[in-house]
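Reviewing the structure listed below.
The values are calculated or read from the model by the stated rules, or taken from the named source; none is laboratory data. Quick caveat, the model's predicted, so the values are computed rather than measured. Heads up, the Cβs are rebuilt from the backbone with ideal geometry, glycines too, and the neighbour counts pull from every protein chain shown. Heads up: the accessible areas ignore ligands, DNA and RNA and are worked out on the full protein's heavy atoms, side chains in. Shrake-Rupley method; radii C 1.70, N 1.55, O 1.52, S 1.80 Å.
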Amino acid sequence: MTLAAGGASAMLERLEQQRRLTSNQWKLIITGNLADLLDFFDFFLIGYVLAFITKEWQLTYWQGAVILLSSGIGAVPGAFFWGWVADKIGRRKVFILTALNVALATGIMALTPGPNGWISGWLFLAVFRLLVGIGNAGLYAVDMPLVQEFMPTKKRGWVGALITTLLPAGSMLGGVAGWLLAPLIGWRGLFLVGLVPIVLVLMVRYWVPESPRWLMQKGRHEEARHSLAWALMVDPKEIDLPTTGPEVEKGSWWELFKYPRSVIAGCLVGLTQTGGVGLGLWGATLFVLVLRISPADAAFLMIFVNLAAIAGRFSVTALIEPWGRRGTGTLYCAAAAVLMVLAGYLHNVVLGSVSLFFVLVMAQNFFGSAAYSVAGPYMTEIWPTRLRASGMGLAYGVGNSGKIVGPLGLALILGANDLIKPAANLDSLGLAFVYFASWYVLGIIAYWFIGFETKGRSFEEIDAALTGSSPVKARVV
């Protein structure tokens, strides 16, 4: 039996009737937004550190590549593991644990030995970057379910998109730190700045209770009532406890595969990040090669690329509810794919004094980055409540493999032999960008031919449609 049965769903009725979010719900949204920003600040910080140590340590290509990609490797099992744990012990606890995971793994790299230390410095960095990736993926996999499970259905997609808007700012903040702080505190000091996500632990510890829907699934209705009362800012006594409750169900990670449409759709949507991640890691280098400018100028242009990404993510908040996940996701994936191909084949076109390549990359990032503001909420919504974090972890974990195959695929197509400072064959750039674009096409296929629409449907209705065990009338489109 699911939560939609019996009196348990009545506890959520007042939440579903909300027209305006309370200040406590906004606190949760702000916390989720900061979590994503600081999470990705720590994740991309290594790119700016490598700029300092590659020549100083005389790193080989493979040593630099291992450091750069180790976090992406760790992100795959990290999303699987922490998503599963969040369904076992709660979203709030895992949010705190993953924030600590990311911050401490980053901060300890300030103690990195030199190239001839007790352990080679590059190997030390690779190991702890692996741990950063594990925590990074786990934090993203759990903060979306935690936030969404406090929101009314009609605002759930909008809020889910909103908390992803500052993800590109994390990378941009890393660049600012590398530009302004590194000359003052050195590259080791940059890692100490990476301890800032510990602030999230304090925010969640004092601001946010456990997800009411998770508590209901565990039969802890009194605690769920207090969580709902916190969100709604009312007296808990105003929320009726159910006279009968559902049988407490214990979910297994392997039960995810009882829902093949959710598995396939979630994983394909997760993989839409592949092209964007590849372009993001290569962006500054490609500007140097295509526009024949200095690395400093290329870094400056990447600020505008990231600003376009932030603007694109904000635009999703206006469409995700009226157009739905499938309509919005398809629009942004299609536009991102077309612009990616155009950027690849028109890279040498100049209009007056403006490079069309730069304009198209900026436009592509507007749509490509925004596409993931649809993917995040959708990957969370297509699972039963008792498996939601595990399902999000599975989809996001598979999607994180794009952080490996994206940049490596481009390197192979362009014939580059150095992932960090490549000397690439630009004649193949069009084909390489077609490779990037193909991952967005997978997202369109997932939305329209495999997945189902979640717009306007409560989590309890989605549970009913997936499990078929509730009297609530719900239909999978």
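Inspection of the stretch 266-283 identifies no residue that is within 19 Å of Ala389 (Cα to Cα), open to solvent by 50 Å² or more (accessible area, probe 1.4 Å) and out of contact with any Cys (no Cβ under 6 Å at 6 or more places or on another chain). Considering only residues that are in contact with an Asp or Glu (Cβ under 8 Å, 6 or more places away or on another chain) and within 28 Å of Leu429 (Cβ to Cβ), which ones fall in the stretch 292-332? Hits for the stretch 292-332: nothing passes.
Every condition in (1) touching a residue at least 40 places away in the same chain (Cβ under 8 Å); (2) under 16 Å from Val398 (Cα atoms) is met by Leu281 except one, and the failing one is (2).
Restricting attention to the stretch 431-460, report how many residues are part of a helix (DSSP H, G or I) and either at pLDDT below 90 or in contact with an Asp or Glu (Cβ under 8 Å, 6 or more places away or on another chain) (or both). Break it down into steps so the answer makes sense when it comes.
Step one: filter the stretch 431-460 for residues part of a helix (DSSP H, G or I), giving 431-450, 459-460.
Still in the running and either at pLDDT below 90 or in contact with an Asp or Glu (Cβ under 8 Å, 6 or more places away or on another chain) (or both): 432, 459-460.
Here the count works out to 3.
Name the residue that is surrounded by the most Cβ atoms within 10 Å (Cβ to Cβ), counting only residues in the stretch 55-86 that are among the polar types (S, T, N, Q) and in contact with a Phe, Trp or Tyr (Cβ under 9 Å, 6 or more places away or on another chain). Spell out the reasoning first.
Let us first name the residues in the stretch 55-86 that are among the polar types (S, T, N, Q), namely 58, 60, 63, 70-71.
This time we only want the ones that are in contact with a Phe, Trp or Tyr (Cβ under 9 Å, 6 or more places away or on another chain), so: 60, 63, 70-71.
Values: Thr60: 12, Gln63: 20, Ser70: 22, Ser71: 28.
So the residue we want is Ser71.
In the set (1) over 21 Å from Lys55 (Cβ atoms); (2) assigned to a helix (DSSP H, G or I), the condition left unmet by Thr165 is number (2). Scan the stretch 341-361 and tell me whether some residue there is open to solvent by 20 Å² or more (accessible area, probe 1.4 Å) and within 30 Å of Gly83 (Cα to Cα). No, every residue in the stretch 341-361 fails to be open to solvent by 20 Å² or more (accessible area, probe 1.4 Å) and within 30 Å of Gly83 (Cα to Cα). So for the stretch 397-417 (the condition being open to solvent by 10 Å² or more (accessible area, probe 1.4 Å), in contact with a Lys or Arg (Cβ under 8 Å, 6 or more places away or on another chain), assigned to a helix (DSSP H, G or I) and not basic (Lys, Arg)), does at least one residue qualify? There is no residue in the stretch 397-417 that is open to solvent by 10 Å² or more (accessible area, probe 1.4 Å), in contact with a Lys or Arg (Cβ under 8 Å, 6 or more places away or on another chain), assigned to a helix (DSSP H, G or I) and not basic (Lys, Arg). Which residues, counting only those in the stretch 22-61, are modelled with pLDDT of 85 or more, in contact with a helix residue (DSSP H, G or I) (Cβ under 7 Å, 6 or more places away or on another chain) and either β-branched (Val, Ile, Thr) or not in a helix (DSSP H, G or I) (or both)? Of everything in the stretch 22-61, those that are modelled with pLDDT of 85 or more, in contact with a helix residue (DSSP H, G or I) (Cβ under 7 Å, 6 or more places away or on another chain) and either β-branched (Val, Ile, Thr) or not in a helix (DSSP H, G or I) (or both) turn out to be Thr22, Ile29, Thr31. Ala298 meets all of the listed conditions (1) surrounded by fewer than 24 Cβ atoms within 10 Å (Cβ to Cβ); (2) hydrophobic (A, V, I, L, M, F, W, C); (3) within 23 Å of the chain's Cα centre (by Cα) but one, namely (3). Taking the criterion of being open to solvent by 30 Å² or more (accessible area, probe 1.4 Å) and in a loop (DSSP other than H, G, I, E, B), the residues of the stretch 210-233 that qualify are Lys218, Gly219, Arg220, Met233. Among the aliphatic types (A, V, I, L, M) and at pLDDT below 75: does that describe Ala5? Considered against the rule, which asks whether it is among the aliphatic types (A, V, I, L, M) and at pLDDT below 75, Ala5 comes out as yes.
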